[in-house]
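The values are calculated or read from the model by the stated rules, or taken from the named source; none is laboratory data. Remember, it's a predicted structure, so these values are computed and weren't measured experimentally. Ideal geometry is used to build each Cβ from the backbone, glycine not excepted, and the neighbour counts take in all protein chains shown.
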Amino acid sequence: MTAGVVTGEAVVLDVRLAHWPSRLLAKLIDLTAQFILLVILLLVIGRLFDNADTDTAAAVSVCVIVFVFVGYNVILETIWRGRTLGKAALGLRVVRDDGGPARFRHALVRGIMFPLEGWGPALIASILSKRGKRLGDLLAGTIVVSERVPGQTATPALMPPQLAWWAATLDLSRFGDDLAMACRQFLARQNELNPAARDAMGGQLVAAVLAVVTPAPPPGTPGWAYLSAVLAERRRREEQRMYAGPGYAPQTGYGAQPGYAPQPGYAPQPGYGPPPPAAPAPPTPPGPFAPPQ
């Protein structure tokens, strides 16, 4: 089941909602991990407070129980981008209603609400809700999505052949996952936007990428080509890190690609080939978005 989420820029994105059976199985995995952690911590407390006052030991034990059954979810969902052990095992993730990453406050509301609402109300609310929301999701403004879509893969960004030499020199160390996701979603939807909205949103993303990725693109580079080149290069490097070893062959995608035939304003220009020995002209920001038709 899919649903549309509306981003802060009023772009509708399709996400695959997590079904309640997968959420239930993920919760069982998390509860198993929580019980193991609880037993270990209680044994440690028993050793530490062996000869201490029983009231003190009881108070500490209550704090540990609250920490395990509330803090486990809050801490993991905060530092692991909406995942816990169970969610990661089932390919699930908590995101905001607008599709953005969940933050500490969202994880805190969800973590506090689950023990209060209990298994029954949480399961019933999840089944009855069109978006699979339990009470904690309703209050936190979150949904649980499935990141694993059998038989479907996202169309990867393609490398404009004129920019391959330049992309290989990029410093992508500050190009984070959130910005990469925003660029990827925008490129997938840009043809559905009217030109004014496309140029405005594209310009914002280009400015954000220019602030963290160096060097700047060659003069005359269209905005869509700039974002596509950065994403394609990032993906290529991730694949190299993942698969590098005997028998690894570099992925295709750096030659001519469908949809990247030269277009008005995109024919090779001075500065599109390898830079000459002399100092190149000062780079200019990518031009308006004119996506391939």
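Scanning segment 147-197 for residues that are modelled with pLDDT of 80 or more and of a type in the set (Ser, Thr, Tyr), we see that the one that is farthest from Ala216 (Cα to Cα) is Ser173.
When Lys130 is tested against (1) surrounded by fewer than 18 Cβ atoms within 10 Å (Cβ to Cβ); (2) of a type in the set (D, E, K, R); (3) closer than 29 Å to Arg236 by Cα, exactly one condition is not met: (3). For Asp50, the criteria (1) farther than 21 Å from Gly141 by Cβ; (2) touching a residue at least 12 places away in the same chain (Cβ under 8 Å) hold in every case but one, which is (2). Across segment 156-177, a minimum of one residue is classified as farther than 27 Å from Arg16 by Cα, assigned by TED's automatic domain parsing to the domain that holds Gln240, out of contact with any helix residue (DSSP H, G or I) (no Cβ under 8 Å at 6 or more places or on another chain) and in a loop (DSSP other than H, G, I, E, B). Annotation: Arg81 fulfils all but one of (1) within 37 Å of the chain's Cα centre (by Cα); (2) assigned to a helix (DSSP H, G or I); the unmet one is (2). Tallying residues that are in a loop (DSSP other than H, G, I, E, B) and out of contact with any strand residue (DSSP E or B) (no Cβ under 6 Å at 6 or more places or on another chain) within segment 98-124 yields 3. A residue that is polar (S, T, N, Q) and within 25 Å of the chain's Cα centre (by Cα) occurs nowhere in segment 48-71.
Table: residues versus (1) part of a loop (DSSP other than H, G, I, E, B); (2) surrounded by fewer than 16 Cβ atoms within 10 Å (Cβ to Cβ); (3) in contact (Cβ under 8 Å) with a residue 60 or more places away in the chain.
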site: Leu25; (1), (2), (3): no, yes, yes
site: Leu28; (1), (2), (3): no, yes, no
site: Leu41; (1), (2), (3): no, no, no
site: Asn73; (1), (2), (3): no, no, no
site: Leu76; (1), (2), (3): no, no, no
site: Lys87; (1), (2), (3): no, no, yes
site: Val95; (1), (2), (3): no, no, yes
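Modelled with pLDDT under 90 and either buried (at least 19 other Cβ atoms within 10 Å of the Cβ) or at positive phi (or both): does that describe Gly118?
Yes.
Remark: pairs (first residue in segment 112-135, farther than 22 Å from Val66 by Cα; second residue buried (at least 17 other Cβ atoms within 10 Å of the Cβ) and polar (S, T, N, Q); Cβ separation under 8 Å; 6+ apart in sequence or on different chains) = Gly132/Ser126; Lys133/Ser126; Lys133/Thr142.
Regarding Arg110, is this residue more than 13 Å from the chain's Cα centre (by Cα) and crowded, with 21+ Cβ neighbours inside 10 Å? Taking the combined requirement at face value, the residue satisfies it.
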